[in-house]
Amino acid sequence: MLDPIVNFFTWIFQMIGRAIGFVIGIILWPFMWAGRWYVQRGWILKAAVGAVAIILVALYGYFIYVTQVWTNFNPDYVEAYAFERRNVSAGEQVNAGSGTDTSRTCGRSAIADVTADLIDYNVNQNPWISSMILYKLGLFGIDWDHTPWLDNKASFQRGINQALRRTTTELADNLGRVRTTSQIDNDLQDARGNMQFDEETWYFGLQPFGPKTPTPSYYRDAITKLRSFNTRLEACQAVFDARADNLKIYLDRIASDIGSTTALLKDRAENYNYGFFDPRADDRFWFAYGQLYAYYGLMKAAEADFEDVIKQRNLTSLWQTMDAQFVSALRLQPWIVANSSEAGMFASHLTTMGFYILRVRSNMVEISNVLAQ
């Protein structure tokens with residue numbers, strides 16, 4: 001009685017095994033052909049081809065390593081700043097010295113410090129993945145973002161970068177000048193321009209053809225400009241306009257920014273819910289995670305920079321609630337990102353991340369409404 005059932009399952013597993021073997025054969029065929037071709041060549045050509053192969057293996061080994069090892073990744077990184085001990089708003093004079101301009105001391109901008117440190121995290125502590133030549137080449141010509149592999153770190157970095165671009169723009173346009181009628185700070189203007197540079201430029205390009213300055217070099221220069229601004233601010237030689245309306249504008253822009261990300265997550269979750277087999281769910285998720293990772297630190301920094309405003313408007317409780325929402329979102333770190341239907345059997349990490357972002361955004365809108373009163 002059981003023989004037909006056993007034979008059926010035996011046949012099923014045989015077919016699965018043959019299919020797997022067929023796929024592996026297709027994958028290995030170019031390498032087998034190349035090996036036969038290599039054996040038939042002369043020693044000079046063998047040496048040249050062997051050297052190229054060794055270089056490629058080394059490059060891909062390094063590429064795989066840097067995409068999988070996230071140096072200094074720490075969702076609790078803001079604790080190291082100890083902003084709660086500052087007790088001074090950005091730009092506020094804390095020491096009059098002997099009455100001369102050179103002896104005065106003012107509060108540094110925590111926002112500028114965190115922005116510079118996050119750029120440093122993206123391009124110095126970790127290689128900037130998006131402009132690496134092997135990332136640009138993709139998997140046999142397929143963009144890595146369209147595969148399930150080796151793209152999570154790049155998406156995470158771009159999410160952080162999205163927040164940094166928004167912040168450097170706000171520093172130059174609003175926070176680092178008086179009521180938008182004074183001259184834009186040169187360091188902040190340069191930092192903003194550098195951070196708007198293309199994310200994928202390597203040392204050489206085709207459009208236009210020729211050598212180029214790679215993306216990380218521009219971002220590193222932005223670090224220098226931000227720290228230069230903060231040095232001058234600390235010496236009371238620059239401006240940080242810590243007014244309530246500037247804080248409101250900054251929060252509104254961030255709320256709009258992460259609102260766009262929730263729309264991106266919603267579209268992917270509703271139209272491509274393939275469970276664990278959605279090749280783009282992971283990069284959507286980690287882009288959103290990177291944004292929250294950066295904005296968490298920047299909001300803690302804003303709390304320090306606008307200390308007087310937050311105390312005067314009794315926003316401490318609301319701000320702490322928003323911080324708690326960030327912490328909850330950053331605890332979500334799945335090994336494999338699933339994009340399942342909301343009515344399905346499995347979790348949908350995209351939907352869950354979108355929910356956390358909306359909670360953060362809701363708190364931002366509530367704080368903004370208080371500031372508008």
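The values are calculated or read from the model by the stated rules, or taken from the named source; none is laboratory data. Every value quoted in this text rests on a predicted model; they were computed, and no experiment measured them. Counting neighbours? That spans all protein chains shown, and the Cβs are built from the backbone with ideal geometry, glycine included. For accessibility, only protein heavy atoms count, side chains too; no ligands or nucleic acids. Shrake-Rupley method; radii C 1.70, N 1.55, O 1.52, S 1.80 Å.
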- Test result for Tyr274, in contact (Cβ under 8 Å) with a residue 24 or more places away in the chain, open to solvent by 50 Å² or more (accessible area, probe 1.4 Å) and among the aromatic types (Phe, Trp, Tyr): yes
- State whether one or more residues within region 261-269 are touching a helix residue (DSSP H, G or I) at 6+ places or on another chain (Cβ under 9 Å), farther than 30 Å from Cys106 by Cβ, open to solvent by 10 Å² or more (accessible area, probe 1.4 Å) and in a loop (DSSP other than H, G, I, E, B). no
- Task: Mind counting the residues in region 131-155 that are under 21 Å from Leu292 (Cα atoms) and not in a loop (DSSP other than H, G, I, E, B)?
- Result: 5
- Looking only at residues in region 156-178 that are outside any helix (DSSP H, G or I) and open to solvent by 30 Å² or more (accessible area, probe 1.4 Å), which one is nearest to Arg108 (Cα to Cα)? Arg177
- Item | Filter pass, Arg36 being out of contact with any His (no Cβ under 6 Å at 6 or more places or on another chain), exposed (fewer than 11 other Cβ atoms within 10 Å of the Cβ) and closer than 30 Å to Asp117 by Cβ | no
- Query: Tell me, which residue of region 179-189 that is outside any helix (DSSP H, G or I) and without any contact (Cβ under 8 Å) to a residue 24 or more places away in the chain is least open to solvent (accessible area, probe 1.4 Å)?
  - Reply: Ile184
- What is the one condition in (1) closer than 30 Å to Tyr296 by Cβ; (2) out of contact with any helix residue (DSSP H, G or I) (no Cβ under 6 Å at 6 or more places or on another chain) that Gly21 does not satisfy? (1)
- Message: Quick check on region 190-231: of everything there that is hydrophobic (A, V, I, L, M, F, W, C) and in contact with a helix residue (DSSP H, G or I) (Cβ under 8 Å, 6 or more places away or on another chain), which residue is surrounded by the fewest Cβ atoms within 10 Å (Cβ to Cβ)?
- Response: Trp202
- Looking across region 51-73 at residues that are surrounded by 12 or more Cβ atoms within 10 Å (Cβ to Cβ) and without any contact (Cβ under 8 Å) to a residue 12 or more places away in the chain, the single one that is farthest from Tyr295 (Cα to Cα) is Ala53
